[in-house]
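The values are calculated or read from the model by the stated rules, or taken from the named source; none is laboratory data. As the structure is a computational prediction, the values presented were derived from the model and not from experiment. Every residue, glycine as well, gets a Cβ built from its backbone with ideal geometry; the counts of neighbours run over all protein chains shown. Surface accessibility is based on the protein's heavy atoms, side chains included, excluding ligands, DNA and RNA. Shrake-Rupley method; radii C 1.70, N 1.55, O 1.52, S 1.80 Å.
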Amino acid sequence: ANAMLFVLDKFHSVVPNWGVAILMLTVLVRMLMFPLSRKQALSAVKMQALKPEMDALREKYKNDKEKVGRAQMELYRKHGVNPLKGCLPLLIQMPIFIGLWQGLQSTIELRQAKFFGWINNLAAPDKLFPFPWPEDLWPLSYLGPYFNLLPCILIALMLVQQKLFMPPKSDPPDPQMEMQQKMMTYMMVVFGAFFWKLPSGLCLYYICSTS
């Protein structure tokens, strides 16, 4: 948290707006992460290129899932593809995410800091407009008395990314891939609920990082 606040303070000394400072921090993180992100993208391209061979393996060993798994791992090793590389950038960003989260909650300067027209407090949800429903009715009670726009923008961007990078459907259909896509869709709902009450500054960071 102290490291994130130090960098934010340096950016804020150049551009006297905390929201812009958060966006500049995001750009800095993305630049530092570029080599890993590039490897992740290249790995995804290689996996899509291997899809016909993977479909052939699933058809060949369709009655033996263990053989399918071993054959796929051998195919990955042969072509230098690591499916787990896609998780590495996310794991590296987690300490940055947590540090920024704690910094936004503990820093007085970011409270009541404005950004754009409706964001009046970067240390709290953006609260675009009040909800016209009773607060004691669950699950509406979790949403609170305000509608927060930034979490909705973030989930929309993540859904677009999921569609863009989704591999083409196989013939015959791959049950494992279909289950994975369903799990990703459910994870979007979980992400929306998680980000709903997070500080708007943290949502700005993640929106800029996702874009």
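Within the shell defined by Cβ-Cβ distances under 15 Å, the residues around Lys114 carry a net charge of 0, with Lys and Arg each +1 and Asp and Glu each -1. Distance cut-off 23 Å, Cα to Cα: go down the list Lys78/Lys163; Lys51/Lys163; Lys39/Lys60 and report the pairs above it. As for pairs spanning more than 23 Å Cα to Cα, those are Lys78/Lys163; Lys39/Lys60.
Working note: Cα gyration tensor of the chain, eigenvalues times five, square-rooted, sorted largest first, giving semi-axes of 40, 23, 12 Å.
Structure remark: mean-square fluctuation, Gaussian network model of the chain, C-alpha springs under 10 Å; the largest value among Ala124, Ala193, Ala49 belongs to Ala49.
With a/c under 1.5 counting as rounded, go ahead and sort the stretch 43-148 into rounded, prolate or oblate using the C-alpha gyration tensor (a ≥ b ≥ c being the square roots of the eigenvalues; past the cut-off, prolate if a/b is larger than b/c, else oblate). Cα axes put the stretch 43-148 in the prolate bin.
Each Lys and Arg Cβ is given +1 and each Asp and Glu Cβ -1; about its Cα centre, the stretch 102-163 then shows a dipole of about 220 debye. Full extension of the chain between Asp136 and Lys46 gives 27.3 nm of extra length, using 0.36 nm per residue less the Cα-Cα distance. For the chain, build the charge dipole from Cβ charges (+1 Lys, Arg; -1 Asp, Glu) around the Cα centre, then report which of Met179, Asn63, Val14 sits farthest towards its positive end. After comparing all options, I get Asn63. Surface composition of the chain: carbon plus sulfur atoms contribute 67% of the solvent-accessible area (1.4 Å probe, protein chains only, all chains present).
Ranking of Asp9, Asp55, Asp136 by solvent-accessible surface, largest first: Asp136, Asp9, Asp55 (1.4 Å probe, protein heavy atoms only, all chains present). Between helix 2-14 and the chain there is an angle of about 60 degrees, using the helix long axis and the longest principal axis of the Cα atoms. Ignoring chymotrypsin sites (Phe, Trp or Tyr not before Pro) that are buried or in helix or strand per DSSP, and keeping those with at most 16 other beta carbon atoms within 10 Å, what is the longest stretch of the chain between them? Of all site-free stretches, the longest is 119-211.
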